[in-house]
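Have a look at the structure below, then the notes.
What follows is calculated from the coordinates using simple rules that are stated; it is not laboratory data. Keep in mind that this is a model prediction, so the values were computed, not measured. Cβ coordinates were reconstructed from backbone atoms using ideal geometry, including for glycine residues, and neighbour counts include every protein chain displayed.
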């Protein structure tokens, strides 16, 4: 015999399982974004040098100086995208 409240309880458990999977994917995405950001900061000068050598345009110092601005803009965009998930 099933109790009258078992159906809503089953539905709540099923919904919680689905929500937990969504939270896992957001957490993994946040970890990936943090790792990418950390790698970008660690290798900012190398990336600036590569950009200049590949394009033949600009100066390493100027590109290196722009990196913090780009990181902040990327962080804002990624944070906004995570909030929409």
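Relative to the longest principal axis of the C-alpha atoms of the chain, give the angle of the C-alpha long axis of helix 6-42, reported between 0 and 90° and rounded to the nearest 10°.
Its long axis makes an angle of about 10 degrees.
How far is helix 44-55 tilted, in degrees, relative to the longest principal axis of the Cα atoms in the chain, given as a value from 0 to 90 rounded to the nearest 10?
60
When the chain is modelled as a GNM with alpha-carbon springs shorter than 10 Å, which of 39, 12, 51 fluctuates the most?
Maximum among the listed residues: 12.
Measure nothing but the geometry: give the 0 to 90° angle between the long axis through the Cα atoms of 60-84 and the longest principal axis through the Cα atoms of the chain, rounded to 10°.
10
Each label point is 7 Å from the Cα along the Cα-to-Cβ direction; what then is the distance between the points at residue 59 and residue 25, in nm?
Each label point lies 7 Å from its Cα, and together they span 4.7 nm.
Which of these values of mean projected area of the Cα convex hull in nm² was calculated from the structure shown: (i) 9.1; (ii) 6.3; (iii) 7.6?
Checked against the structure: label (iii).
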